[in-house]
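S.K.: I have a structure I would like to understand better, so I am pasting it below and will then ask my questions one at a time.
The values are calculated or read from the model by the stated rules, or taken from the named source; none is laboratory data. None of these values were measured; they are calculated from a predicted model. Methodologically, a virtual Cβ is constructed for each residue, glycine included, from the backbone with ideal geometry; neighbour enumeration extends over all protein chains shown. Please note that ligands, DNA and RNA were not included when accessible areas were found on the heavy atoms of the full protein model with its side chains. Shrake-Rupley method; radii C 1.70, N 1.55, O 1.52, S 1.80 Å.
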Amino acid sequence: MKKDALRLLVIVLGLAEVVLLAHWIDDHRQDMNARFGEERLYVDGATAKRLTFAFNGIAADWYWMRSLQYVGGKIVRYEDSHNGRFNLGNLSSLDLKLLAPLLRVSTTLDPQFMAPYEYGALILPEVNQDEAISLLNYGIAANQSSWRLYHYLGYIYWQREDYAQASDIYAAGARLPGAPAWMAALSARMKAEGGSRDAGREMYRRLYEDSKDEAVKDMVTKQIMRLDSLDDRDVIRRLLTDYRAQSGRCASAWRDVTGALRTARLKIDSTTGAPLDPSDTPYRLIKDGCDVDLSEDSNVPKR
């Protein structure tokens, strides 16, 4: 009975310590909603690990949730000041200075916690690619049998257009026990095709299939939409160039090239004849009808 009571006391004291740590951090922030993006963390990973003792996992979850709230709060404030518009493909506009430290503290508290590494691989490169690479290398050192971390690190190097390094990382991950065959296939594809859109689609498809995070899946889906839109616009530009060569002028409206667009099997708005992007928003004619671009209302990321 005494041993059980002692265990219970240790658990209660540990939980109380985690809660007190959270309150201490909150109490030392002035108007957190306004200043969270500019302040440094008051506790680094090593200090937080000492303070939380056997409850590092709980504290790691808390910092992980903080990172999600931090990004979400930044998006909400950005939308409030920009008429509700935010491009998920341009996270650099959010000034996410604290994201790397938050993810670092979470993974220091619990190096086997995979979610921050995945989130860091997809979000952090928009803020600081070197920090993203450092985070994933830390994760690989702490989880040497995890092929998924090689997948995430290879993705960062692919984004960086360092296709040779991405290929080597995928090859290293492919040699780990339990790694799927597509890791080796992606390694070969990085060497052969580099930054091709088809290679990009496969990269994003694998990220989508491997993720359980709906926010990550949504981001990956939008990136696939972006690649599909780039293909659409290549086809449309070719059709507009052909029309100009045949008629001696640029298209004055989409109706001028609707037949050609249908022949190319592009999705068409039945009312205006305009081709639709992957988010079902009409593309717009620019440069006096000689070129095409995404509409301002499109949900397809521009980058």
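S.K.: Give me a comma-separated list of calculated 3J(HN,Hα) values for the stretch 277-282, in order, Karplus coefficients 6.51, -1.76, 1.60 applied at θ = phi - 60°, integers in Hz, x for any Gly or Pro.
M.R.: 7, x, 9, 6, 9, x
S.K.: Still on this structure: Can you list the residues, at least 5 places off or on another chain, whose amide H is less than 5 Å from the amide H of Asp291, using H built in the peptide plane?
M.R.: Long-range HN contacts for Asp291: Ile286.
S.K.: Continuing with this model, one more query. Taking 7 Å along the Cα-to-C-beta vector as the label spot, tell me the Asp80-Asp280 distance in nanometres, rounded to one decimal.
M.R.: Distance between the two pseudo-spin positions: 3.1 nm.
S.K.: Sticking with this structure for a sec: Largest first, what is the accessible-area ranking of Asp213, Asp198 with a 1.4 Å probe?
M.R.: Final ranking, largest accessible area leading: Asp198, Asp213.
S.K.: Rounded to two decimals, what ratio of Rg to Rh does the stretch 181-281 give with C-alpha atoms and a Kirkwood Rh?
M.R.: 1.11
S.K.: Students often get this wrong: which residues of the stretch 256-293 have the backbone nitrogen under 14 Å from the point 7 angstrom along Cα-to-C-beta of Thr221?
M.R.: From the stretch 256-293, the list is 278-280.
S.K.: Given a 1.4 Å probe and the protein chains all in place, what does the accessible area of Ser279 round to, in Å² to the nearest 10?
M.R.: 30
S.K.: Here's a follow-up. Take Asn137 and Lys212, extend 7 Å from each Cα along the Cα→Cβ direction, and tell me the distance between the two endpoints in nm.
M.R.: The modelled label-to-label distance comes out at 3.0 nm.
S.K.: Per residue of the stretch 73-83, what does 6.51 cos²θ - 1.76 cosθ + 1.60 with θ = phi - 60° give for ³J(HN,Hα)? Whole Hz please, x for Gly and Pro, Karplus curve as stated.
M.R.: Computed from phi, the couplings for the stretch 73-83 are x, 5, 5, 4, 5, 5, 5, 4, 9, 10, 6 Hz.
S.K.: Can you tell me the accessible area per residue over the stretch 184-247, all protein chains present, probe 1.4 angstrom, in square angstrom?
M.R.: Value returned for the stretch 184-247: 51 Å² of accessible area per residue.
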